[in-house]
Amino acid sequence: MAKASLVVLISGSGSNLQAIIEAIKSGDLDAEIKAVISNKATAIGLERAGKANIDTYVIDHKHYPDRESFDRAMMQIIDPIEPDLVILAGFMRILSDVFIDHYMHRLINIHPSLLPKYKGLNTHQQAIDSHDSKHGASVHYVSHELDSGPIVIQAEVPVQDADTAETLAARVLKEEHLIYPMVIKMHTDGRLTYNKDQLNLDGQPLTEPLIWKDGQLTH
Ligand code: GRF
């Protein structure tokens, strides 16, 4: 079977991109990242991609009059690749319906909260301000509404009394680096599918997210 082809969209540090690169290098993930696209020329993730000999593209959203024309410029790069999966990894732009419809069922995102809690930005501070005892990250297929769509895995971490948004973000990010490659592998191995509104894992409907906690995945 041909290797699964991936396209990764980033805006910043790209540590999740790095985790995917490492999972491929170690042989855990049988896939190839065909392109990394950033809307920011300064994204550190571009350097990470360059070091791994991955083709990189900068498409600056400021050069486009609206969301849709920016998204269409990305589609022009992505479509010839015919990717099995388009991966949002710290990509900080809201996508248009045109883009989402085009890649529906093969478009995934990682969000640093236990969705549906805290969509959008500043999730770690919100978890602290709400005195939550746990916080985490969610990997989900993308649907039309922001930070929505069926969730595959949620990583849970404890919120500690002394936590700042920074310490909590670091604890969550460590788990993100584990669960994102896991979900990508499930998809590229053909174990995980998203059809119509239904997630299936190993031929069974996945109606609740899998939980990643203390180094274990539970249902
Ligand atoms: C992560 O926290 C991710 O959940 C969110 O943006 C951050 C990206 O980090 N969507 P990085 O660029 O992968 O280091």
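Rule-based calculations on the coordinates, nothing more; no lab input. Quick caveat: nothing in here was measured; it's all calculated off a predicted structure. Cβ: placed from backbone, ideal geometry, glycine included. Neighbour counts: every protein chain shown.
Sorting MET92, MET74, MET186 by the number of Cβ atoms found within 10 Å of their own Cβ, with the fewest placed first, yields MET92, MET186, MET74.
Please work out, to two decimal places, the log10 of the ratio I(q)/I(0) at q = 0.13, 0.15, 0.23, 0.26 Å⁻¹ from a Debye calculation in which every Cα of the stretch 154-219 carries one identical scatterer. Calculated log10 I(q)/I(0) at the listed q: -0.45, -0.57, -0.99, -1.14. Collect residues whose amide H, placed 1.01 Å from N in the peptide plane, falls under 5 Å from the amide H of VAL159; neighbours closer than 5 in sequence don't count. Residues meeting the criterion, in which the H sits 1.01 Å from N, are LYS134, HIS135.
In order along the stretch 189-199, phi translates into HN-Hα couplings of 7, x, 7, 10, 10, 10, 10, 6, 10, 10, 8 Hz, rounded to whole numbers, per the Karplus curve 6.51 cos²θ - 1.76 cosθ + 1.60 with θ = phi - 60° and x for Gly and Pro.
Using only side-chain charges placed at the Cβ, +1 for Lys and Arg and -1 for Asp and Glu, the dipole size of the chain relative to its Cα centre rounds to 300 debye. Note on the stretch 65-104 and the stretch 155-219: Cα centroid distance 23 Å, given to the nearest whole angstrom. For the set LYS25/LYS174; LYS134/LYS196; LYS34/LYS196; LYS3/LYS25, the pairs lying more than 22 angstrom apart at their alpha carbons are LYS134/LYS196; LYS34/LYS196.
Taking amide H as placed 1.01 Å from N in the peptide plane, GLY90 has its amide H under 5 Å from the amide H of ILE110, each at least 5 places away in sequence or on another chain.
A convex hull fitted to the Cα coordinates of the stretch 36-101 yields 90 cubic angstrom per residue.
For the stretch 72-77, 3J(HN,Hα) computed residue by residue from phi via the Karplus equation (6.51, -1.76, 1.60; θ = phi - 60°) reads 5, 5, 5, 4, 5, 7 Hz, glycine and proline entered as x. Note on the chain: dipole from Cβ charges, positive end direction compared against LEU46, ILE78, LEU206; the farthest Cα belongs to LEU46.
As an equivalent ellipsoid, the stretch 1-136 spans semi-axes of 25, 20, 15 angstrom, where each value is the square root of five times an eigenvalue of the C-alpha gyration tensor, largest first. The smallest convex shape that holds all Cα atoms of the stretch 134-179, its convex hull, gives 76 Å³ per residue. Across the stretch 14-107, the relative contact order, built from alpha-carbon pairs under 8 Å that are at least six residues apart, equals 25 percent.
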